[in-house]
Amino acid sequence: MIKITLPDGSVREYVQNSTPMDVAKSISEGLARNVISASFNNTTVETTTPLTTDGTLTLYTWNDIEGKKAFWHSTSHVLAQALEELYPGIKLTIGPAIDNGFYYDVDFNGHTISEKDLPNIEKKILDIARGKHEYKMRSASKAEALEYYKNQDNQYKVELIENLEDGTITFCDHDTFTDLCRGGHIPNTGIIKAVKLLSIAGAYWRGDEKNKQLTRVYGISFPKQKDLTEYLELLEEAKKRDHRKLGKELELFTFSQKVGQGLPLWLPKGAALRERLENFLKKAQKKAGYEQVVSPHIGQKELYVTSGHYEKYGADSFQPIKTPNEGEEFLLKPMNCPHHCEIYNSRPWSYKELPKRYAEFGTVYRYEQSGELHGLTRVRGFTQDDAHIFCTPDQLDSEFKNVIDLVLYVFGSLGFENFTAQVSLRDPENPTKYIGSNENWEKAETAIINAAKEKGLNFVIETGEAAFYGPKLDFMVKDALGRSWQLGTIQVDYNLPERFDLWYKGNDNELHRPVMIHRAPFGSMERFVAILLEHTGGNFPLWLMPEQAIILSLSEKYEKYAEKVLNLLENHEIRALVDNRNETIGKKIREAETKKVPFMLIVGENEEREGTISVRRHGQGDLGTLTIEAFAEIINKEVQSSLKQFK
């Protein structure tokens, strides 16, 4: 007999070699019908995997993230089978699950494929799925695996296998199809009821531009047709909210091939939006005791060698800038933290003067591959709302919790209410990815977990997601369409203070290392604006809108009154503009609606005579006739209710 511990802490005994599906059946037939994946002792297993030892078992359904991953990964196998049958001689590479669906990278080896071929491939996938073929895992020696793919002339799989250890190699079989795979599948193909292939894109093998470009086929699948229908409707709404489309319509930003890929140009309205966001955070930071600093856009290569950034990212970043002086090299700034360490290091400190909180809206540069660039969410030059706190170990807990409060204030003021905190820890199996001692890592990880607990955050722990210099607390925010984004991060760092030899004098008159907290509530201004655009559909909170109102005159006779209304609104600190064009009022209203201006103020003979305005609300219609003072009160109340004061 073996003892199986379930997520609720209960322990049940089973005959050795029982499977996760046997455990599910023993709990309830309903659970067994819905279980599609499992993990045993934190390792992904099949629902048919024999359990031979005591351990902890988690069963996943479609409602679990891990269940969806298994579902989508399993569908990628069926996609691969369908492609092999429709296009003989192709070479398969990898086909993982992603956040929403799956993809498979394929060398089509002379075949051509386009978007118009996708419906036929979908039909083939569903034909295969209806066969209810079981997914079966089996082990293979390295020699057997290499021979199998050499016979298929598949150099991609051969390369993957050559990097694997003998004894760790497994294949997955279903129907007539075989694929190199680590596991994590649904019981059989029949569970796949609905499939949509979404797009085709180019992708370099192993993400390296020097390698051959493959064809990536993206798709998504569901256990019910109804789920797919709802997803496609959501996808259509997402297209309407695409920040690239809205950014163009609202005249916020643009890109230029002459300036360079991934380097956004902010137009006047976008620049004003950014400025309001910056001022909003600067005001809260000032209350929280931050001091503003400014650092240059470049630094000597040695600075980033000291910090460790060059070792970790130098090969994939912008290459060094050489000067006329032999051996002198500079780098475009990839991070602000090394500069802030040197600002701290500019003078000696006493424990009585700590914490020091340095904040900067600092622009940094990273060479993202062209295929990975995407609007404002993935760029090569971006501005971080960066701050670094240098504190004593005793101050770490309170400082970390104060930063959490600041992040929550930002989210609350901008309408991000649905979020989960993610505690990102190092991967104990891969220590070479990180710098610093085990002792410092353990202290930092414990501090973050304790702070998250004490603040009552809904948080999950993700192993292997830490920064190379320390663990972090990331905020995963769900937008209006239910999509999850990483916004806001707080990191604890014992390592950079050591690498930069930072000190303060303690109350024992001895020198001590400060602890460093990295934090950025927005993350990057570019990515934050993109996500905010898509979350709100361009209908920003009223306090943030480029124009809160537009004054529409019925004819040129009322232009002077329109200007008078504009001046009165400016006295109430309301942002407005006048549309005096010789167009019909209907056209002016339609264009104001398209530009998502919150309020349309119509002025004509009656309004001029009575000193009033006729008010329309974007998306709602007429609100009636109001005095300027009454309208200003509506605006100010709405702004105050959404933009609470930071305490």
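Along the charge dipole of the stretch 542-642, Cβ charges K/R +1 and D/E -1, which of Leu552, Leu601, Gly621 sits furthest on the positive end?
The Cα lying farthest towards the positive end belongs to Gly621.
Dipole magnitude of the chain about its Cα centre, charges +1 at Lys/Arg Cβ and -1 at Asp/Glu Cβ only, in debye to the nearest 20?
1040
So what is the relative contact order for the stretch 2-61, in percent, with contacts set as C-alpha pairs under 8 Å and at least six apart?
Averaging sequence separation for qualifying contacts and normalising by length gives 42 percent for the stretch 2-61.
Tell me, Kirkwood radius of the stretch 2-61 from alpha-carbon pair distances, in Å?
Taking every pair of different Cα atoms in the stretch 2-61, averaging 1/r and inverting gives 11.1 Å.
What Rg and what Dmax come out for the stretch 382-495 when only alpha-carbon atoms are used, in angstroms?
14.2, 42
Would you work out which of Ser139, Gly190, Asn151 lies farthest towards the positive end of the dipole of the stretch 66-240, given +1 charges on the beta-carbon of Lys and Arg and -1 on that of Asp and Glu, about the Cα centre?
The residue sitting most towards the positive pole is Gly190.
Over the Cα atoms, compute the radius of gyration (one decimal) and Dmax (the largest Cα-Cα distance, rounded to a whole number) for the stretch 249-388, in Å.
Taking only Cα atoms of the stretch 249-388, I get Rg and Dmax of 17.3, 53 Å.
In nm², what is the average projected area of the convex hull enclosing the Cα atoms of the chain?
Mean projected area for the chain: 37.0 nm², to one decimal.
Let's see if you can work this out: charge +1 on each Lys and Arg Cβ, -1 on each Asp and Glu Cβ, no other charges. What is the dipole magnitude of the stretch 288-441 about its Cα centre, in debye to the nearest 20?
So the magnitude is around 200 debye.
What ratio of Cα Rg to 2.2 N^0.38 Å holds for the stretch 66-240?
1.02
Using a simple spin-label model with points 7 Å from Cα along the Cα→Cβ vector, what separation in nm is obtained for Glu372 and Asn17?
That separation, rounded to one decimal, is 4.7 nm.
Based on the Cβ-Cβ distance from Ile200 to Asp127, what FRET efficiency comes out when R0 is 22 Å, to the nearest 0.05? Provide the component values of the computation, followed by the final result.
Details: r = 21 Å, r/R0 = 0.94.
Rounded to the nearest 0.05, the efficiency is 0.60.
Under the Karplus relation 6.51 cos²θ - 1.76 cosθ + 1.60, θ = phi - 60°, what is the ordered set of whole-Hz ³J(HN,Hα) values for the stretch 245-252, x standing for Gly and Pro?
Running phi through 6.51 cos²θ - 1.76 cosθ + 1.60 with θ = phi - 60° gives 5, 5, x, 6, 4, 8, 6, 9 Hz.
Which ³J(HN,Hα) values, rounded to whole Hz and listed in residue order, are derived for the stretch 439-452 from phi using the Karplus coefficients 6.51, -1.76 and 1.60 in 6.51 cos²θ - 1.76 cosθ + 1.60 with θ = phi - 60°, glycine and proline given as x?
Those phi angles translate into 4, 5, 4, 5, 5, 5, 5, 5, 4, 5, 4, 5, 5, 4 Hz.
Taking the Cα centre as origin and putting +1 on Lys and Arg beta-carbons and -1 on Asp and Glu beta-carbons, what dipole magnitude results for the stretch 542-642, to the nearest 20 debye? Let's see the in-between values first.
Details: 14 positive and 18 negative charges, 65 e Å.
The calculated dipole for the stretch 542-642 is roughly 320 debye.
Contour minus end-to-end for Asn42 and Lys248, with contour as 0.36 nm per residue of separation and end-to-end as the Cα-Cα distance?
69.6 nm
Where the centre of each part is set by its Cα atoms, how far does the stretch 555-597 sit from the stretch 264-305, in angstrom?
The two parts, judged by their Cα centres, are 33 Å apart.
In whole Hz, what ³J(HN,Hα) sequence does the stretch 6-14 give by Karplus (6.51, -1.76, 1.60; θ = phi - 60°), x for Gly and Pro?
Each residue of the stretch 6-14 in turn: 9, x, 7, x, 6, 10, 10, 9, 9 Hz.
How far, in nm, would the chain grow between Arg617 and Thr323 when pulled straight, counting 0.36 nm per residue and subtracting the alpha carbon separation?
Here the segment from Arg617 to Thr323 would lengthen by 100.1 nm.
Please work out the C-alpha center-to-center distance from the stretch 87-154 to the stretch 414-436 and express it in whole Å.
So the separation of the two Cα centres works out to 32 Å.
Which whole number in µm²/s is D for the stretch 542-642 by Stokes-Einstein, with the Kirkwood Rh taken over Cα pairs at 4 °C and 1.567 mPa s?
D = 97 µm²/s.
Report, by chain and number, residues whose modeled amide H sits under 5 Å from the one on Leu267, excluding near sequence neighbours (fewer than 5 apart, same chain).
Those qualifying (amide H under 5 Å, at least 5 residues apart or on another chain) are Phe253, Thr254.
Percent relative contact order of the stretch 408-494, based on C-alpha pairs within less than 8 angstrom and at least six residues apart?
39
Just tell me which lysines come within less than 18 Å, Cα to Cα, of Lys245; anything on the same chain fewer than 8 places away is out.
Output for Lys245: Lys269, Lys595, Lys596.
Calculate how steeply helix 65-86 sits against the longest principal axis of the alpha-carbon atoms of the chain, using the helix alpha-carbon long axis, and give the answer as 0 to 90 degrees to the nearest 10.
70
Only the coordinates and a few stated rules stand behind these numbers; no lab work does. Keep in mind that this is a model prediction, so the values were computed, not measured. A quick note on method: Cβ atoms are made from the backbone with ideal geometry, for glycine too, and the neighbour counts reach across all protein chains shown.
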